[in-house]
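Report on one structure; see the data block that follows.
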Amino acid sequence: MNTIKISVPIESLAQAICSLNWSEQQKLREILDDQLFESEEEWEHSPEIKAEVAEAKKLINKENTKPYQNLLPKNLKINDEL
C-alpha cells in the first residue's frame, strides 16, 4: 500500500470526521486505535523512555527515599484494619 503525507488543519479534519456516517466513523476509529497501539509500543521501547524509567527506578531504590507514609498529611489517620 502506498502512503502519502498531507497537512490538514485539525479543524478541517474534525469537520470531515463529523460528516462521516456511523460505520465510516467506526472504521476510522479502528484504524486510529491500531495506529495508536503501534505508536505506544514504539514509544515504550524508545531509548529515551527506557532511560527515564531506569532513572526513576534508581531514585525509588535509593535508601534515602521516604516511605509513602511520610508523604501523607500529618492529620490523616489510616485504618490499619483494612
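The values are calculated or read from the model by the stated rules, or taken from the named source; none is laboratory data. Since we're looking at a predicted model, the values are computed, not measured. Cβ sites come from the backbone with ideal geometry, for glycine too, and all protein chains shown count toward neighbours.
Just name the residue that is surrounded by the fewest Cβ atoms within 10 Å (Cβ to Cβ) out of those in the range 1-40 that are hydrophobic (A, V, I, L, M, F, W, C) and in a loop (DSSP other than H, G, I, E, B).
1
In the range 41-74, how many are modelled with pLDDT of 70 or more and either touching an Asp or Glu at 6+ places or on another chain (Cβ under 8 Å) or in a loop (DSSP other than H, G, I, E, B) (or both)?
Within the range 41-74, residues that are modelled with pLDDT of 70 or more and either touching an Asp or Glu at 6+ places or on another chain (Cβ under 8 Å) or in a loop (DSSP other than H, G, I, E, B) (or both) number 6.
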